[in-house]
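Report on the structure given below.
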Amino acid sequence: MKITCFLILLCWFSNFLIHAQEENSSQLDFKLLRQNDVIFINPNTKSGIYQNIKQVRLGKQGNLSFGGSYRFQSEAFINEEFASEVDQDDIWFLNRLQFHSHLKITDKFEFFVELNSSLITSKANLTPVDRDELSFNQLFARYHFDENWNVLVGRQNMRLGSGRLIDIREGPNVRLSFDMAQLQYQSEKTELTGFYAVPVIVGESVFDNDALDFQESVGGVYWTQHWKPNSSMDIYAIYKEEEAKTWDSGTADDNRLSLGLRHFGEWKKLTYNNEFVFQTGSFGNQNIRAWTISFNIEYPMPYFGDNSVIGLKTEAISGDNSDTDNTLNTFDGIYPRGAYFGRVARIGPSNLFDIHPYFDTSIGQFNFEFDYVAFWRFSRQDGVYGPPLNLQYPSANEERFIGHQIGTITAFELNNLVNIELETNLIFPGAFLKESGLDDTLFHTVLTAELKF
């Protein structure tokens, strides 16, 4: 009943904002990273409440805009750890409020600050991505030397390319932030980013996040080239240092260089996104030799609905071949998105081979997704890892098949401010989990309602 009343109130408030926006000929295009929002408020119309709050003119060459989002989630598991003998059925509620202001002076200087409050109730065992009562999610200054070059210093969410190796971690309640310095070049066909960053260590209370904890850091160069309107390529080098990293083979300092190539675009009616990464470096006294290759293709199916596609993803991600040799083959996904294979977040991008067909369609304001994933361990000598690349299930047996996952997402976009989404997932344990004593089917569901303003 409370959830229903909340959704009704959310819809009413969004309609109020939409009406105010239309009255003032406003155009708002909200992005995942809100510093990239596109805002146009017609200066020739009579100012309304929403217009006055959304953007304030500062003389002839400056403006100050405000915005934010509120996200509510109700999440539930049955047999969260694939074992019904222990009480693993649970439901909890997550609330995330973000509010930002964005100052722009001429076309040279901008200052962006975003506050975050991520709360959770009814969950017994919290993880670092569940709660952060109040913090600066982003706080940075950017200076534009000219129309191509700019430099940024401060705290920022970061997403490179498709988000395969560095993403903002949007699925969980708390986003991933970095304290960083960044130099960027942008033109019509070329984007080049150089950066050095230290991940923010999340605390659960008010302004207690650890800044510049150099036990972990990452830096690199990321180049995107748009060769043709339908053919682009990313080439990158990313170096990460992490103290006391734990893999199935043990715990040691992990220092590794990732060299990657991504090719994406369209060929006739086919959309493709393919990527290869090779890693080298050191893990304690071992050498690192790891890699991954990923293929993703989509084909339109217009007779099933608007924007309908059928797609296939498949990837091979190396795992360690032996814990007694002098080489570590376990691939490190660096900072992948928290919901790598759906919000259920049980399997992450290390020591894995998967086949992932899916179907996506839109009908009016509704969007439907259906996908299936089959998981295998790439190496029988390595364990199974979660999305944050923590060791979830050690290599306790010689079985390779992990399990089947079936997922659905039903989304309703009321307008460009409000989106409501229901996701469900079933994971059926395979031989590896069953031989480890984990033989019960996992069920997961999450209801999400989000308002942007």
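The set of residues in the stretch 248-272 that are touching a Phe, Trp or Tyr at 6+ places or on another chain (Cβ under 7 Å), of a type in the set (D, E, K, R) and surrounded by 15 or more Cβ atoms within 10 Å (Cβ to Cβ) contains only Asp254. Scanning the stretch 57-68 for residues that are crowded, with 18+ Cβ neighbours inside 10 Å and out of contact with any helix residue (DSSP H, G or I) (no Cβ under 7 Å at 6 or more places or on another chain) turns up nothing.
If Lys228 passes every condition in (1) more than 24 Å from Tyr185 (Cβ to Cβ); (2) surrounded by fewer than 14 Cβ atoms within 10 Å (Cβ to Cβ) but one, which one does it miss? Going through the list (1) more than 24 Å from Tyr185 (Cβ to Cβ); (2) surrounded by fewer than 14 Cβ atoms within 10 Å (Cβ to Cβ), Lys228 breaks only (1). Restricting attention to the stretch 273-307, the residues that are farther than 30 Å from Thr251 by Cβ, buried (at least 16 other Cβ atoms within 10 Å of the Cβ) and at pLDDT 95 or above add up to 4.
Among residues belonging to the stretch 336-360 that are in a strand (DSSP E or B) and at pLDDT below 95, point out the one that is surrounded by the most Cβ atoms within 10 Å (Cβ to Cβ).
Taking the stretch 336-360 first, the residues in a strand (DSSP E or B) are 340, 342, 352-360.
With the extra rule that they be at pLDDT below 95, the set shrinks to 340, 342.
Details: Tyr340: 22, Gly342: 24.
It comes out as Gly342.
For Asp146, the conditions (1) in contact (Cβ under 8 Å) with a residue 12 or more places away in the chain; (2) more than 25 Å from Ala252 (Cα to Cα); (3) in a loop (DSSP other than H, G, I, E, B) are fulfilled apart from (1). Taking (1) surrounded by fewer than 16 Cβ atoms within 10 Å (Cβ to Cβ); (2) modelled with pLDDT under 95 in turn, Pro172 satisfies each apart from (1). The residues of the stretch 89-114 that are farther than 13 Å from Asn173 by Cα, touching a Ser or Thr at 6+ places or on another chain (Cβ under 9 Å) and crowded, with 17+ Cβ neighbours inside 10 Å, listed by number, are Phe99, His100, His102, Lys104, Phe112, Val113, Glu114. Residue count for the stretch 107-129 satisfying the condition of being charged (D, E, K, R), modelled with pLDDT of 95 or more and under 25 Å from Trp92 (Cα atoms): 0. Filtering Phe136, Phe195, Phe214 for residues that are crowded, with 21+ Cβ neighbours inside 10 Å and among the hydrophobic types (A, V, I, L, M, F, W, C) leaves a single hit, Phe195.
Of all residues in the stretch 80-130 being of a type in the set (Ser, Thr, Tyr) and assigned to a strand (DSSP E or B), which is farthest from Gly203 (Cα to Cα)? If you could, list the steps in order and put the result at the bottom.
Step one: filter the stretch 80-130 for residues of a type in the set (Ser, Thr, Tyr), giving 84, 101, 106, 117-118, 121-122, 127.
Those left that are additionally assigned to a strand (DSSP E or B): 101, 117-118, 121.
On the way: Ser101: 23, Ser117: 12, Ser118: 11, Thr121: 16 Å.
Checked the stretch 80-130; the qualifying residue farthest from Gly203 (Cα to Cα) is Ser101.
Within the stretch 410-448, the set of residues being closer than 19 Å to Phe375 by Cβ, part of a strand (DSSP E or B) and among the aliphatic types (A, V, I, L, M) comprises Leu426, Ile427, Leu442.
The values are calculated or read from the model by the stated rules, or taken from the named source; none is laboratory data. These figures come from a predicted structure and were not determined experimentally. Cβ atoms come from the backbone with ideal geometry, glycine included; neighbour counts cover every protein chain shown.
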